[in-house]
Amino acid sequence: MLPATSRLNSMAARARLNARRHRFVGYLAISSSLFLLFFLMHTVTQAHYRKVEEEHKFKLQELASQLRAGDMRLVRPSPSDETIEQQKILCPSAIPSLVSSLENRKYLIQTRGVAVEVLQLCTTDNPENRQTIAENMEGKYEAFTNLIRDALDELDHTSSKSSGQEAILHAIGNAAEAIWILTFSNVRNHDGLLEVGAVDALSEVVMKCKSGRCSRAVMWSAAALQNLAASYCHSDSGRCKWKWDYKSDGTHEKLRLSSGTPLDVDAQNVRETIASNVNLLHKLVDITCSGPVSGSSEDLIIWPSKGQINSDDEYSTSIIPWASAGLFKNLALGGPEIRQVLQKDLDLVNCLCRMRKSPDWLEELKSKSAMYNLGVNFDDDKCYLGEAVNEEDEQVKD
């Protein structure tokens, strides 16, 4: 038996140990309670935040509906009279908030996608709003490429048949369409988007997005690359006029700017970047060669100029080739080396030659413009490299 003093010391030690255990259990219980409280508060805060965001997205959707004014054309080279009026009323005061919504990466991709859709609707054929957006986007152009890349990442984790994927693809298409129109004849938008890697982001959409449900996103990405690769001039329309000089034997010698159209934007660096991406070029040739559309616009084949947004028309691969042909139109401005690649090393001329007879005006226009810039002659019967067609009316304007 232990002496009385030892027993007392042992009992005291056990008491201290038990006390520490009780304190630890108490601390653990308090910590668990605090964690649960924090988790519940965070959950409630997140739910509230998402509710506020959902309400904001609904307002953005209403704004988009007002600006569309019932015009659901898939490709809208110019707005309706109703849209023009709504642009004047709604856009000037809304643009700063739209830019903030697009820039906010805490927002869901779907919300940012609606914000960029409204920006695009504000600027269609409206240089004033385009410039206002440029002023508000200063230092923030990465919002466009962030949206595209975030959406591409999200696609890898989303079911191919879910409504979530459709909304994500719609957001990519909206961002690409916005880049298409914002870069048209606007130096600040053009340079700002190039600086944040718009060419790489759009090229990634063309290369990675392969299902039919990607068609609208790929179409607008190719169209946006077309405008990024374009040169713009100090003219009423912002477009440049190009003219061929010919050798004494009648063959093409040099493609140059017509006199009286000074250059505002020279996108030669963009043309060289795209032309150096061999895999992208082959993909774009494949897309171009999948056209043209045929038959009546009432047939099942969707014409790009007749397609409707928010319908199954967005999933038809037949809406894409006009945009890739338009990109080749501008790549052909890149000089003799790039034209040589496009003329000889790729089966592009034959595909453009077929497309020139398309019943869809978008495909006809882009293919004929591409062939002119490539130095390809064409008439009703054939297309050929060789003796030049000298009549000025053979040049097809953009």
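The values are calculated or read from the model by the stated rules, or taken from the named source; none is laboratory data. What you are looking at is a predicted structure, and each value in this text was computed from that prediction instead of being measured. Cβ coordinates were reconstructed from backbone atoms using ideal geometry, including for glycine residues, and neighbour counts include every protein chain displayed. Surface accessibility is based on the protein's heavy atoms, side chains included, excluding ligands, DNA and RNA. Shrake-Rupley method; radii C 1.70, N 1.55, O 1.52, S 1.80 Å.
Odds and ends about this structure:
- Selected residue (criterion: least open to solvent (accessible area, probe 1.4 Å)) from residues of region 303-340 that are among the acidic types (Asp, Glu) and out of contact with any Gly (no Cβ under 9 Å at 6 or more places or on another chain): ASP312
- Restricting the search to helices (runs of 4 or more DSSP H) fully inside region 318-384 and requiring at least 2 residues that are more than 19 Å from LEU228 (Cβ to Cβ) gives 336-340, 349-355, 361-374.
- Top-ranked residue of region 341-366 - restricted to ones that are among the hydrophobic types (A, V, I, L, M, F, W, C) and more than 19 Å from ASP380 (Cβ to Cβ), ranked as surrounded by the fewest Cβ atoms within 10 Å (Cβ to Cβ): VAL341
- Residue satisfying condition, being among the aliphatic types (A, V, I, L, M) and modelled with pLDDT under 95, within set LEU257, LEU194, LEU182: LEU257
- Test: residue in region 212-232 that is over 30 Å from GLU166 (Cα atoms), without any contact (Cβ under 8 Å) to a residue 24 or more places away in the chain, surrounded by 22 or more Cβ atoms within 10 Å (Cβ to Cβ) and in contact with a Phe, Trp or Tyr (Cβ under 9 Å, 6 or more places away or on another chain): no
- The residues of region 144-167 that are closer than 26 Å to PRO79 by Cβ, small (Gly, Ala, Ser) and surrounded by fewer than 23 Cβ atoms within 10 Å (Cβ to Cβ) amount to a single one, ALA167.
- Residue in region 51-73 that is most open to solvent (accessible area, probe 1.4 Å), counting only those that are within 19 Å of the chain's Cα centre (by Cα) and over 16 Å from VAL116 (Cα atoms): ARG73
- Here ASP125 meets each of (1) of a type outside the set (A, V, I, L, M, F, W, C); (2) in a loop (DSSP other than H, G, I, E, B); (3) in contact with a helix residue (DSSP H, G or I) (Cβ under 7 Å, 6 or more places away or on another chain) with one exception, condition (3).
- Test: residue in region 168-181 that is surrounded by fewer than 19 Cβ atoms within 10 Å (Cβ to Cβ), over 30 Å from SER237 (Cβ atoms), touching a helix residue (DSSP H, G or I) at 6+ places or on another chain (Cβ under 9 Å) and small (Gly, Ala, Ser): no
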